[in-house]
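One structure is given below, encoded as structure tokens.
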Amino acid sequence: MWNDIDLQHYVEQELEWEPSVHKRQIGVTVKDGAVHLDGHVDSYWEKRVAENAAWRIAHIRGVANEIRVELPFAAQRDDDDLALAAMGILEANCLVPNSVEVQVSQGCLSLVGNVDQHHQREAAEQALLPLKGLRGLKNEIVVSGAHLADVKAGIEAALKRSALVDSGRIKVHVAHDIISLRGTARTRDEHQAALHAAWSAPGASKVEDHIAIG
């Protein structure tokens, strides 16, 4: 098992290895397996890529991303221009329904509205991450879903056939149209794969995440 000094070293190496990140602008500290990122970057995309790079390191238990987005002058846009560009991207995406809207304040964008399925909510966010001039992104889209049928067995089967998930470490509970996952995941990828299996259940509108990483 690596100690905090080892983890800090490996996170710094991963940031240096990631071509989308300017490592010299980012500070890394680790305490009890939890990573803290600070410093500044030129885009919101780079901030998110840096966080994902930290999560790729084995034995990381959490990542606190406090990196500031300091846009270069050439990348700055007013809110109306940013909103118009964002809506154009969403309208061109076949996965995002017309019910999704955008709100922009000082370069920070909020996604609002209702969708039927979680993957539509994710698709809207992913489509806007590389948007030029973006300082921040908050996803407030609500998944409407429907009344859950007996999905517990289906979720458990999805976990068992997953190449990423050790299904013996994660328990599924379903009550009052709420899916709850409890247990431990070895990595962030395993954690995300388990959540994906739960959100894929027909009618899923709320998934409670009680999975510990590490």
Sparse-neighbour loop sites [chymotrypsin sites (Phe, Trp or Tyr not before Pro); region 1-88; at most 12 other C-beta within 10 Å; DSSP]: none
Going by a ≥ b ≥ c, the root eigenvalues of the Cα gyration tensor, does region 75-143 fall in the rounded group (a/c under 1.5), the prolate group (a/b larger than b/c) or the oblate group? prolate
At a Cα cut-off below 18 Å, give the lysines reachable from Lys171, other chains included and same-chain residues fewer than 8 away excluded. Lys152, Lys160, Lys206
Provide, as a two-decimal number, the C-alpha radius of gyration of the chain over 2.2 N^0.38 Å, N being how many residues it has. 1.12
Take every Cα-Cα distance within region 1-117, group them into 10 Å bins from 0 onward, and report for each bin the whole-number percent of pairs it holds. 13, 34, 27, 22, 5
Whole-number value, in Å³ per residue, for the convex hull of the alpha carbons of region 102-185 is 131
How would you rank 91-97, 59-65, highest first, on the average number of other Cβ atoms within 10 Å across their residues? 59-65, 91-97
May I have the pair-distance distribution P(r) for region 4-69, computed from all Cα-Cα distances with 10 Å bins from 0 and rounded to whole percent? 25, 61, 14
If you take the charge dipole of the chain about its Cα centre, with +1 on Lys and Arg Cβ and -1 on Asp and Glu Cβ, which of Ala86, Ser105, Val142 is farthest toward its positive end? Val142
Region 75-143 - share of DSSP beta bridges that are antiparallel (%, nearest 5): 45
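Any read-out appearing in this document is the output of simple, stated calculations on the displayed coordinates, not a laboratory observation. Nothing here was measured: the structure is a model prediction, and the numbers come from that model. Cβ atoms come from the backbone with ideal geometry, glycine included; neighbour counts cover every protein chain shown.
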